[in-house]
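Worksheet for the structure shown next.
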Amino acid sequence: MASAAGLCISRLRQPDSGSSNKKHFSGKNSTMLYYGQSVNFYSNNKKHGSLSIRSMNGTQTDPTAPIGTIETRCFPVASSLKTAADRLNLAVAEMKSDSPPAAHSGIIRLQVPIDEQIKAIDWLTAQRHLDLPRCFFSGRTQIVCSDRLIDDSDLNGSTPKDHRLVSVAGIGSSVFFRDNQPFSFNDWRTIKRFLSKSSPLLRAYGGIRFDPKADTSPEWAPFGSFYFMIPQVEFDELDGSSILAASIAWDGDVSWSYEKSVAKLQSTLHQLSAVLGQQNGAPYASILGNNNVPTKIGWDRAVGRALEMINLDSSPLKKVVLARSCRVATASEIDPLRWLASAQADGEQFYQFCLQPQNSAAFIGNTPEQLFHRNEHSVTSEALAATRARGGSEPLDVQIERDLLTNPKDHGEFTIVRESIRRRLEGVCTEVTVEPSKVVRKLPRVQHLYGRLKGTLNSEDDEFEILSSLHPTPAVCGFPTEEARRLIAESENFDRGMYAGPVGWFGGAESEFSVGIRSALVEKDLGALIYAGTGIVDGSDSSLEWEELELKTSQFTKSLNAEKAMLVTASD
């Protein structure tokens, strides 16, 4: 999340992003599924066919219709959060009394800089009383490898550090995008029409299901096949300062009027709390028990089945990533933001996110893995595979690192991931490089094999192709993709939902997505579902892989107050 606050005042007619030339659409009626590259996304773009009407705010809209105006209005710097809120309220009141814009559709962002760095997650916690959709996203700042420290913010743009966007919290949605059908090129177009390079902090935050073809369980139903929102009220935490912002979006074609949008924003602003919520300590929700799906016996069977397939001469399958859902029952309701904040203590190497539609469970995560980052035409992606625990001492940690680097099974698993990502990038990028090609990336509790890939997009409109090509990577699905996906569908008796799916944001000139691993779905009553997966390749041992699942799950369970750590595991 390396963008700066950007231009303070900008207005755009027929924006550069979200209104591509008509040449991108042909008259042929065809829809293509990316077999072998992506099992999730359908494309209706210039290469693959005609238009469809997609969903915005629960209604249908034309993805090719340009937005009449995109504007960012920046107000004087405020000395406090309360002063910033007062200025926003006054500005919205004036907009309500003024004549509406002439534009038939548009989006206006109002932003007030604050001369103080305030944690975005604390601001969002203070708004927990509002029954509105919410989101939180925090970017990484560094990557610790065995032979170097990579400054992720430097690689993701040229923004000066004192303007770098650290994290974003949003409450309510000025516009949201959701559908039960697979995320398509036209869905991407519908989102991008509200975004512009001239308003860099106008962003759509959200996520996409791992496999929309799989049956959706009730807990995941509110998220649809994808869910993105441009926050109605947003708090941006920067290095050394903050921004309180609000957005008004309207589109006459879908009866979403300017007047309605202003009135709804005014109502939300009047309910905001200016008293910050503090994230002190652990979530304090004692674990009463857990239920793993599959259980250890079921896991052994699934891994055995996967190894049989991998070792068949007639099967092309080289790797499959099997996952586990762990439902934890707690003595009290879990606060998802407090739980996420406790995970932030693990350091600056993680993306943190929270996505919660209205009246829904909250999907939270603390993931180390980048799917891709686009800045103009420049694209980066990462290969991350194979797992070891950290050593209790420096000599032991180095010994584990050396074993990870030299182990043939781990090298094979990592090579599958890295080379698959390279080939996918080469399909839409030029000048693809891999540097570093293979090092050990060290996280607080685990270490992985890691490589970074860079490429240059032929066109910024190829962003959808990057997303649809890269997801799912072999790190969360397997290789080849379709064979691995089919085995996952046959083996797993739970809904992954957005676990292992793309989670992140679209912007006008810049977009960034992480992989939704190390994640949990926090339910509105007692308990949560915690997800973890591990790659199965030739030579895998089901018991060792189960231990890896336990290690990954512990990232969340360790922060809950399990006084006696006596977890009751259900049997087959």
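Could you tell me whether P436 is surrounded by fewer than 23 Cβ atoms within 10 Å (Cβ to Cβ) and assigned to a loop (DSSP other than H, G, I, E, B)?
Yes, satisfied.
If you scan the stretch 77-103, which residues turn out to be outside any helix (DSSP H, G or I), more than 19 Å from L272 (Cβ to Cβ) and out of contact with any Ser or Thr (no Cβ under 7 Å at 6 or more places or on another chain)? Reasoning before the result, please.
Just the residues of the stretch 77-103 that are outside any helix (DSSP H, G or I), to begin with: 77-80, 98-103.
If we keep only those that are more than 19 Å from L272 (Cβ to Cβ) as well, we get 77, 98-103.
Result: V77, D98, S99, P100, A102.
So, in the stretch 480-518, of the ones that are part of a loop (DSSP other than H, G, I, E, B), in contact with a strand residue (DSSP E or B) (Cβ under 7 Å, 6 or more places away or on another chain) and over 30 Å from K192 (Cα atoms), which residue ends up most open to solvent (accessible area, probe 1.4 Å)?
N493
State which residue is most open to solvent (accessible area, probe 1.4 Å) when the search covers only the stretch 301-319 and only residues that are charged (D, E, K, R) and part of a loop (DSSP other than H, G, I, E, B).
D313
Please find, within the stretch 362-379, the residue that is farthest from G427 (Cα to Cα) out of those that are open to solvent by 10 Å² or more (accessible area, probe 1.4 Å) and part of a loop (DSSP other than H, G, I, E, B).
Only one residue fits best here, namely E376.
Can you give me the number of residues within the stretch 59-76 that are modelled with pLDDT of 95 or more and assigned to a loop (DSSP other than H, G, I, E, B)?
Qualifying residue count, the stretch 59-76: 2.
For the stretch 395-409, check the following and say yes or no: at least one residue is assigned to a strand (DSSP E or B), over 19 Å from I150 (Cα atoms) and open to solvent by 60 Å² or more (accessible area, probe 1.4 Å).
No, the stretch 395-409 has no match at all.
Only residues in the stretch 190-207 that are farther than 12 Å from V175 by Cα and assigned to a strand (DSSP E or B) count as the first member; pair them with residues that are open to solvent by less than 10 Å² (accessible area, probe 1.4 Å) and β-branched (V, I, T), Cβ under 6 angstrom, at least 6 apart or cross-chain, and list the lot.
Listed pairs, sorted by first residue: S196/I70; S199/I70; S199/T72; G207/V503.
Under the condition of being touching a Lys or Arg at 6+ places or on another chain (Cβ under 8 Å) and of a type outside the set (D, E, K, R), which residue from the stretch 535-546 is farthest from L355 (Cα to Cα)?
Ranking the qualifying residues of the stretch 535-546, first place goes to G539.
When only residues in the stretch 519-537 that are over 18 Å from S554 (Cα atoms) and outside any strand (DSSP E or B) count, which is least open to solvent (accessible area, probe 1.4 Å)?
E523
If you take the residues in the stretch 320-341 that are crowded, with 21+ Cβ neighbours inside 10 Å and hydroxyl-bearing (S, T, Y), which one is nearest to V537 (Cα to Cα)?
Checking each candidate, the answer is S325.
Name the pairs: first residue in the stretch 388-400 and among the acidic types (D, E), second residue exposed (fewer than 10 other Cβ atoms within 10 Å of the Cβ), Cβ to Cβ under 9 Å, at least 6 apart or on different chains?
Listed by first residue and then by second, the contacts come to nothing, as the list is empty.
The values are calculated or read from the model by the stated rules, or taken from the named source; none is laboratory data. Note that the structure is a prediction, hence the values are computed from the model and not measured. Glycine also receives a Cβ, built like all others from the backbone with ideal geometry; neighbour counts cover every protein chain displayed. These area figures cover heavy atoms from the full protein model, side chains too; ligands, DNA and RNA do not enter into them. Shrake-Rupley method; radii C 1.70, N 1.55, O 1.52, S 1.80 Å.
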